[in-house]
Amino acid sequence: MTHQPRTEYLKTQVMTASPEMLQLMLWDGAIRFAEQGKEAILKKDIEGSYTTLVRSQRIVLELCAGLRRDVNPELCSKLSALYNFIHRRLVDANLKKDPKMVDEALRIMQHQRETWVMLMDKLAEERVAQARQTATENADAIDASDAVSEAAQAAMAATPMPVNASAARRGLYPGLALKPHRVTLSVEG
């Protein structure tokens, strides 16, 4: 039963993660499974190495499939070639049970992960700067609004109000031009 809460936690983590964080989680998974596959190869655990290396391969293929070629075709083409190379190394390592081939794939995947972390940090910095700019603009707008409000209050205070019987009858509503009248309803129609 301890498996169920962990599964629910992971599901919640994935469902609430940003797209950037999901990408990082995929790299972490691909690296983790490749490392487990390498360990299984070294232990001569054929089934374990196969299972974990296939999981890593599938993640790399998913990363490749997730490239948005419409945004930057040239960059996506280069990344696709890199991901295909990683995938090929993992497949070859799985077939030949060669830990050196896993190491080659791991070096590239770890580099890609580090690059992705740096990109996420830069994106976070840009978002903070944008939030600060928005906060400053909002504070300036509030200050301007307060200044206009104070000027309007000062202008109203400086303008004398006419005092006559009509204005007195209107009470708190000096701008009300019409006196409300009573509406009577008749049941007879």
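The values are calculated or read from the model by the stated rules, or taken from the named source; none is laboratory data. The model shown is predicted, which means the values in this text are computed figures rather than measured ones. Note that we place each Cβ from the backbone using ideal geometry, even for glycine, and neighbour counts take in every protein chain shown.
If you go through region 107-157, how many residues are modelled with pLDDT under 85 and acidic (Asp, Glu)?
Of the residues in region 107-157, 5 are modelled with pLDDT under 85 and acidic (Asp, Glu).
Do we have any residue at all in region 56-70 that's of a type in the set (Ser, Thr, Tyr), out of contact with any Asp or Glu (no Cβ under 8 Å at 6 or more places or on another chain), modelled with pLDDT of 95 or more and assigned to a helix (DSSP H, G or I)? Spell out the reasoning first.
Our first condition is that a residue be of a type in the set (Ser, Thr, Tyr); within region 56-70, this holds for 56.
If we keep only those that are out of contact with any Asp or Glu (no Cβ under 8 Å at 6 or more places or on another chain) too, we end up with 56.
Pick out the ones that are also modelled with pLDDT of 95 or more and you get 56.
Add one more test, that the residue is assigned to a helix (DSSP H, G or I), and what stays is 56.
Yes.
Regarding ASP103, is this residue more than 26 Å from the chain's Cα centre (by Cα), in a helix (DSSP H, G or I) and over 19 Å from TRP27 (Cβ atoms)? Steps first, please.
Details: more than 26 Å from the chain's Cα centre (by Cα): yes; in a helix (DSSP H, G or I): yes; over 19 Å from TRP27 (Cβ atoms): no.
In short, no.
Just wondering, is there one or more residues in region 16-34 that are among the hydroxyl-bearing types (Ser, Thr, Tyr), in a helix (DSSP H, G or I) and farther than 22 Å from ASP121 by Cβ?
Step one: of region 16-34, the residues among the hydroxyl-bearing types (Ser, Thr, Tyr) are 16, 18.
Cutting the leftovers down to in a helix (DSSP H, G or I) gives us 16.
Going one step further and asking which of them are farther than 22 Å from ASP121 by Cβ, we end up with none.
The answer is no, given that none of the residues of region 16-34 is among the hydroxyl-bearing types (Ser, Thr, Tyr), in a helix (DSSP H, G or I) and farther than 22 Å from ASP121 by Cβ.
Scan region 91-122 residue by residue and report those that are without any contact (Cβ under 8 Å) to a residue 60 or more places away in the chain and either under 12 Å from CYS64 (Cβ atoms) or in contact with a Ser or Thr (Cβ under 9 Å, 6 or more places away or on another chain) (or both).
Correct list: ALA93, ASN94, LYS97.
Tell me, yes or no, whether region 93-106 has at least one residue that is touching a helix residue (DSSP H, G or I) at 6+ places or on another chain (Cβ under 6 Å), over 16 Å from LEU53 (Cα atoms) and modelled with pLDDT of 95 or more.
We begin by selecting, within region 93-106, every residue touching a helix residue (DSSP H, G or I) at 6+ places or on another chain (Cβ under 6 Å); these are 93-94, 97, 99, 101-102, 104-106.
Then keep just the ones that are over 16 Å from LEU53 (Cα atoms); that gives none.
No, because not a single residue in region 93-106 is touching a helix residue (DSSP H, G or I) at 6+ places or on another chain (Cβ under 6 Å), over 16 Å from LEU53 (Cα atoms) and modelled with pLDDT of 95 or more.
Under 7 Å between Cβ atoms, which residue pairs at least 6 apart in sequence (or on different chains) link something in region 65-90 that is under 25 Å from PHE33 (Cα atoms) with a partner that is exposed (fewer than 12 other Cβ atoms within 10 Å of the Cβ)?
Listed by first residue and then by second, the contacts come to CYS76/ARG68.
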